[in-house]
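The values are calculated or read from the model by the stated rules, or taken from the named source; none is laboratory data. Since the structure is predicted, the reported quantities are computational estimates derived from the model, not experimental observations. Using ideal geometry, Cβ is built from the backbone for each residue, glycine included, and neighbour counts are taken over all protein chains shown.
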Amino acid sequence: MARDEKRLRDRLRDGGVRLVSRAAERVLNDPRGQEALARAVGLAQRGRQRVEALQGRLMRAAGIPARQDYDELAKQLARLKRKARELSQRLDAEKRDAEGDEASPGDGPGGNGGSPR
């Protein structure tokens, strides 16, 4: 009995999937269907943007950081990391240069053989 019910459910589901697939294919092949789908997607995106903006205002009013705040902080953190990496590389290069100068006894003031810097 349960096996028959499962087979019936599976057949109904598979038939429904085939019908929906055919309908979707017809809609997508029709230029009017494509336009309608594009409008629907555009409306959904604008609606999502409005909801996110309202949510951000409400969260800020409640003193809770919104996603935009986190996104901006992430960008600032990325800039700080990049700047720190650049400064670290410059310091390493200057340290190597300084160590190279100390390793050359003939260089520097009073030395014989080095060119002045």
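For the stretch 23-38, check the following and say yes or no: at least one residue is of a type in the set (A, V, I, L, M) and more than 33 Å from the chain's Cα centre (by Cα). Yes, some residue in the stretch 23-38 is of a type in the set (A, V, I, L, M) and more than 33 Å from the chain's Cα centre (by Cα).
Against the numbered list (1) at pLDDT below 90; (2) out of contact with any Pro (no Cβ under 8 Å at 6 or more places or on another chain); (3) of a type outside the set (S, T, N, Q), Met59 comes up short only at (2).
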